[in-house]
Amino acid sequence: MKLKKVLLFLLIAGVVIGLAACGSDAEEDNTEEENTEENDASSDNAEEASNNGESGLEGTVTMAGSTSVQPLSEELAAAFMEQNPDARIEVSGGGSGAGVTAAQDNAADFGAASREIKEDETGIDEWVIAIDGIGIIVHPDNPVSDLALEDITSIFAGEITNWSEVGGDDADIVVISREDGSGTRGAFTDIVLGDAELVDSALIQNSTGAVAEGVANDPNAIGYVSVGAMDDTVKGLLVDGAEPTAESISAGDYPVSRPFNYVANEETELSEVAQAYLDFVLSDEGQQVVEDNGFISVN
Amino acid sequence: MKFQKERNNKSNIEEGIVKKVLFVMALTAITSLGLIAFFIFNEGMPFMIDYGIADFIFGTEWDPSNQVYGIFPMIVGSVIATLLAILIGAPIGIAVAVYLVEIAPPKVARIIRPAITLMEGIPSVIIGLFGMVVMLDVIRRLARGPLSEYLPAGYQTGYSVLAGAIILAIMILPTIISISADSIRAVPNEYKEAALALGSSKWQTIYKVVVPAAKSGVLAAVILGVGRAIGETMAIIMVVGNTVQIPEAGWEGIFAPVRTLTGNIALEMGYAGPEHRQALFATGIILFIFIIIINSITLVLRKKED
């Protein structure tokens, strides 16, 4: 009985370590410049992996982390696998914290984080793969369509509680927020709230979809989601007069934005295929995928 | 003779193997329970002692970003949601069980029984979706309409412990119905015959004899329902608003958004940093203790019935 358990555990541990530890000669500090110079080749050591669809790349890349980055990673992975049919990219969620932990523990080749990497999160290399804007959303029927950043701060801090104070109808504001620890909430707290505390009576939803659903169903609600996740069921507010669009975010006009990071263990060298994937993501082609998905390219 | 003996030997060996295999499987169930308990306590207990057990359980503020961990609002949220769910679900469930066993014509029972089984199989996230789209809207209209004078602004959003309780009531109905139906069915026929022979009506028989005779089974059903309700997570997160606040005392309180213990863990585990994670495991300990108490009560009641 015990022996069986131990064997099973060893088997699982073996597989995990095996996946994570597939070392290669890949250079870890491939800079973005290199990639833009040679946007066709996927990497120095896998030059065959170009657009001809026939590459020698084989193996699996595992990825875990932020659910905000996940949809983008899946698109990037699909594009990469089309070029490299023998490569497998497995994308799973878990959250930004889990992504960083996965990289630190070598449980995945890459961790994904939808926020700045904190100072106490050590032992990892990080790459910014895209920039995400956070849209402030209200019900489509809400007459308010433009708010100053400080008004948004006051609303989420509970100092402004009625829409009439910011030029809307006479109705109480219903604040919808994400759960503590969420990457989106972290970014929102940093950018919008600053030192202010989120109002105690805020409703908490644990996914982008649930926040959007809550706002779409309540004419008095205000919430926030990734700009890439906004749709017609809600209205994205202008902040300080800037639209929540890719153009104004990359131009630096729209104030509520955050980086998407890939992180990997700095002790372990990336496998050949992992390096090729990273190079692809940072190449013009990968960044095109980033833009196609409503996020902002880092090039 | 010889052949017979060989066969006996063979089947003895077979039997021995099967017994061992089954024993190992039974052990797995117990070991996994032990492992889970050990794991949760191991992760959460040091934190709870470090932070102060009383501060943790009775603290009214939950702010992981600033290392403040008080789960009292979540305990209150879980308890109110569960009690309210039982208040709604138990009378309905027991009534359905009585109807099914004692009153319903076989034809009707043949339709209701599979429907209840089906109900038990509906994934909780589906019920949650229903609650989020349909029920929240109804409660919001009620709270913003006729009740708006009485309710504070924060209680008019539809997201409420009431919505959670209705969802939970729907989810615990099958448990309550099937177990209380079993125990009502187990009431000896002689009881009923005696009551009817003494001139009681059918209703009097049910009310005064059958249900009281099945009392401990029915109670066990309700308490199992409590166990299920307090442990439910997914559907609850979708409708209760997850606000860390203790509802106002009084009837208005049922319109207050709350957060449950289970919701707290599920909401925040994905993104939690090290200490925050331990605090969530400690939340799990409290939940675990609640469940153990509830299940022990059920066990005692069931024993009494036997």
Restrict the check to segment A:258-273 and report whether at least one residue is within 12 Å of A:GLY133 (Cα to Cα) and more than 15 Å from the chain's Cα centre (by Cα).
-> no
Kindly provide the set of residues from segment A:127-181 that are in contact with a Pro (Cβ under 8 Å, 6 or more places away or on another chain), acidic (Asp, Glu) and surrounded by fewer than 18 Cβ atoms within 10 Å (Cβ to Cβ), ordered by number.
-> A:ASP141, A:ASP169
Matching residues, segment B:84-125, being part of a helix (DSSP H, G or I), under 16 Å from the mean Cα position of the chain (by Cα) and farther than 21 Å from B:ALA214 by Cα = B:LEU84, B:ALA85, B:MET119, B:GLU120, B:GLY121, B:SER124, B:VAL125
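Residues of segment A:179-230 being closer than 14 Å to A:ARG258 by Cβ, within 9 Å of another protein chain (Cβ to nearest Cβ) and within 15 Å of the chain's Cα centre (by Cα), which ones?
Answer for segment A:179-230, where residues must be closer than 14 Å to A:ARG258 by Cβ, within 9 Å of another protein chain (Cβ to nearest Cβ) and within 15 Å of the chain's Cα centre (by Cα): A:SER182, A:GLY183, A:ARG185, A:GLY186.
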Restricting segment B:55-78 to residues that are part of a strand (DSSP E or B) and more than 17 Å from B:GLY284 (Cβ to Cβ), the one least open to solvent (accessible area, probe 1.4 Å) turns out to be B:ASP63
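One line per residue, one yes/no per condition, for (1) in a helix (DSSP H, G or I); (2) in contact with a Gly (Cβ under 7 Å, 6 or more places away or on another chain); (3) of a type in the set (Gly, Ala, Ser); (4) over 30 Å from A:VAL100 (Cβ atoms):
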site	(1), (2), (3), (4)
A:GLU213	yes, no, no, no
A:ILE249	yes, yes, no, no
A:ARG258	no, no, no, no
A:ASN261	no, no, no, no
A:ALA276	yes, no, yes, no
A:ASP279	yes, no, no, no
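Mind checking whether some residue in segment B:62-69 is aromatic (Phe, Trp, Tyr) and within 26 Å of A:ILE204 (Cβ to Cβ)? Even if it seems obvious, please write down each step before you answer.
Applying the first criterion (aromatic (Phe, Trp, Tyr)) to segment B:62-69 yields B:62, B:69.
Filter once more, keeping what is within 26 Å of A:ILE204 (Cβ to Cβ): B:62, B:69.
Looking through segment B:62-69, at least one residue is aromatic (Phe, Trp, Tyr) and within 26 Å of A:ILE204 (Cβ to Cβ).
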Which members of segment B:39-54 meet the condition of being charged (D, E, K, R) and either outside any helix (DSSP H, G or I) or surrounded by 13 or more Cβ atoms within 10 Å (Cβ to Cβ) (or both)?
-> B:GLU43
Close pairs (8 angstrom Cβ cut-off, 6 or more residues apart or separate chains): under 16 Å from A:GLN288 (Cα atoms) and more than 11 Å from chain B (Cβ to nearest Cβ) in segment A:61-73, in a loop (DSSP other than H, G, I, E, B) and open to solvent by 10 Å² or more (accessible area, probe 1.4 Å) anywhere | A:PRO71/A:ASN293; A:LEU72/A:ASN293; A:LEU72/A:PHE295
Out of (1) closer than 24 Å to B:GLY44 by Cα; (2) more than 19 Å from the chain's Cα centre (by Cα); (3) among the acidic types (Asp, Glu), what's the single condition that is false for B:GLU232?
-> (2)
Within segment A:234-247, which residues are assigned to a loop (DSSP other than H, G, I, E, B) and either more than 28 Å from A:ASP218 (Cα to Cα) or open to solvent by 20 Å² or more (accessible area, probe 1.4 Å) (or both)?
-> A:ASP240, A:GLY241, A:GLU243, A:THR245
Qualifying residue in segment B:274-291 (condition: within 30 Å of B:VAL187 (Cα to Cα) and more than 12 Å from chain A (Cβ to nearest Cβ)) | yes
Please verify whether segment A:45-59 includes one or more residues that are modelled with pLDDT of 80 or more and either part of a helix (DSSP H, G or I) or surrounded by 15 or more Cβ atoms within 10 Å (Cβ to Cβ) (or both).
-> yes
Scanning segment A:71-89 for residues that are closer than 11 Å to A:VAL273 by Cα and outside any helix (DSSP H, G or I), which turns out farthest from the chain's Cα centre (by Cα)?
-> A:ASP86
What single numbered condition from (1) within 14 Å of another protein chain (Cβ to nearest Cβ); (2) in contact (Cβ under 8 Å) with a residue 12 or more places away in the chain fails to hold for A:ASP146?
-> (1)
Those residues that are under 19 Å from B:ASP137 (Cβ atoms), of a type in the set (Asp, Glu) and open to solvent by 20 Å² or more (accessible area, probe 1.4 Å), I need them from segment A:182-233; list them, please.
-> A:GLU213
Within segment B:238-273, the count of residues that are facing chain A (nearest Cβ under 8 Å) and hydroxyl-bearing (Ser, Thr, Tyr) comes to 2
Scanning segment B:131-167 for residues that are within 18 Å of A:GLN205 (Cβ to Cβ) and among the β-branched types (Val, Ile, Thr), which turns out nearest to the other protein chains (Cβ to nearest Cβ)?
-> B:THR157
Of the residues in segment B:188-227, those that are surrounded by 18 or more Cβ atoms within 10 Å (Cβ to Cβ) and not small (Gly, Ala, Ser) come to B:LYS192, B:THR205, B:ILE206, B:VAL209, B:VAL210, B:VAL211, B:VAL218, B:LEU219, B:VAL222, B:ILE223, B:LEU224, B:VAL226
Filter segment B:144-181 for residues that are of a type in the set (A, V, I, L, M, F, W, C) and assigned to a loop (DSSP other than H, G, I, E, B); the one that is most open to solvent (accessible area, probe 1.4 Å) is B:LEU147
Do the conditions hold for B:ALA104, that is, is it open to solvent by less than 10 Å² (accessible area, probe 1.4 Å) and of a type outside the set (D, E, K, R)?
-> no
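The values are calculated or read from the model by the stated rules, or taken from the named source; none is laboratory data. Treat the numbers as computed from the prediction; the structure is a model and nothing was measured. Neighbour counts are summed over all protein chains in view; Cβ atoms, including those assigned to glycine, are modelled from backbone coordinates with ideal geometry. Accessible surface areas use protein heavy atoms only, side chains included; no ligands, DNA or RNA. Shrake-Rupley method; radii C 1.70, N 1.55, O 1.52, S 1.80 Å.
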